Amino acid sequence: MNRALAKAGFKERDFHTGEVILNYVAGPDNGPPLVFIHGQSVTWEEYTFIMPLLAHRFQVFAVTLRGHGKSSWTPGRYTFNRLGEDMTRFLEQVVGRPAVIAGNSSGGVLAAWLAANVPERVRAIVLEDPPLFRCDWPSIKTTAVYDTFLAFSRRAIPGGGGYARFFGDHVASIARQAAQVMNTKVPPAFVVKVLARLIAAKEALSPGKPVDFWFLPPLLRIIMRGTSQFDGNFSRAFVEGTAGENFDHAETLARIHQPVLFLHALFFKLADGRLLGALDDDDVARVKALVPGPWQYVRMDCGHAIALEAPQQEAAEIMAWYDAVVAG
């Protein structure tokens, strides 16, 4: 655990839902509960930087979903309805009070599921760039992240080359896509090759352990630890369309009456017309039109993993919104 989290009083624990074990962290009880749900392929560590900034105002929790990190892996059993049942048990038995639920990416879609299906457990929600409608089949094929999900799915196949091959084959491809529309650089091929070899050595020496290199920046270390300890079958459920079984985004949004804070990250269109990002302005307008509850929208000048890239701004937005809208 990061030193700032430990200093702020956070503890790492496990919770058994009756079916799976969920790894999570919890801060001291300094106020109303605020529960963070990470995006696909990372863990509760996605909220490492923002949790200490909010610990004096809330009792902060961050959960690792099944299929990720130290939580149970259940190939073939990854749907929003099952994830929602896991989180419902967590809210009932661990949190114990109506909470503000904040979720990034597919974690944001899950936050919407919880607000609609267990409203007595959800006081308000923070949607951090959720791919509503875009992560559903077949709309997911209109996004660039579909390629990443395919790569994660291949990694789950026996003989797929593990994380080293995923990193070596896919990272440079992602960087080239981003460089088409953003002011970013493609890492030199030799750097990617060297890192892939180091990853392969780590996997051989410490099988089953997260891949971590002390010399990388903290943000990249968090992402690498998460993506190296991720069940690619979770992504397969999105590629094959089974993740959304019996889950209708529009019907769900129409049942959300709690206050909503919507944080929208940057997005771009690639030359082939696919979306690089979670959702565009038209998608946001569609979501807003369906939600009957109080709505606040904030455009964030950062990438998709908002809590990692702009923790200070997100913390300030959450506190101001909570004071003005939720507490009021």
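The values are calculated or read from the model by the stated rules, or taken from the named source; none is laboratory data. The structure presented is a predicted model; accordingly, all values stated were derived computationally and were not measured. Cβ coordinates were reconstructed from backbone atoms using ideal geometry, including for glycine residues, and neighbour counts include every protein chain displayed.
Some observations on this one:
- The stretch 18-75 - residue that is without any contact (Cβ under 8 Å) to a residue 40 or more places away in the chain and hydrophobic (A, V, I, L, M, F, W, C) and, of those, farthest from Pro218 (Cα to Cα): Phe61
- Yes/no for Gly273 being assigned to a loop (DSSP other than H, G, I, E, B), under 19 Å from the mean Cα position of the chain (by Cα) and modelled with pLDDT under 95: no
- Just one of the listed residues (Gly96, Gly103, Gly107) is under 15 Å from Ser41 (Cα atoms), modelled with pLDDT of 95 or more, out of contact with any helix residue (DSSP H, G or I) (no Cβ under 6 Å at 6 or more places or on another chain) and of a type outside the set (A, V, I, L, M), and it is Gly107.
- Residue in the stretch 295-312 that is over 20 Å from the mean Cα position of the chain (by Cα) and on the phi < 0 side of the Ramachandran plot present: yes
- Test result for Ile306, in the same structural domain as Phe167 (by TED's automatic domain parsing) and crowded, with 20+ Cβ neighbours inside 10 Å: no
- Some residue of the stretch 167-180 being loosely packed, with under 15 Cβ neighbours inside 10 Å and in contact with a Leu (Cβ under 9 Å, 6 or more places away or on another chain): yes
- A single member of Met87, Met1 is in contact with an Asp or Glu (Cβ under 8 Å, 6 or more places away or on another chain) and among the aliphatic types (A, V, I, L, M), and it is Met1.
- Filtered residue count, the stretch 200-217, keeping only those that are closer than 25 Å to Phe49 by Cα and touching a residue at least 24 places away in the same chain (Cβ under 8 Å): 2
- Boolean, Arg97 is crowded, with 19+ Cβ neighbours inside 10 Å and in the same structural domain as Thr252 (by TED's automatic domain parsing): no
- Within the set Leu275, Leu270, Leu290, Leu266, the sole residue that is at negative phi, surrounded by 19 or more Cβ atoms within 10 Å (Cβ to Cβ), in contact (Cβ under 8 Å) with a residue 12 or more places away in the chain and assigned by TED's automatic domain parsing to the domain that holds Arg123 turns out to be Leu275.
- Checking each residue in the stretch 26-44 for being surrounded by fewer than 23 Cβ atoms within 10 Å (Cβ to Cβ) and either out of contact with any Phe, Trp or Tyr (no Cβ under 9 Å at 6 or more places or on another chain) or among the charged types (D, E, K, R) (or both) picks out only Asp29.
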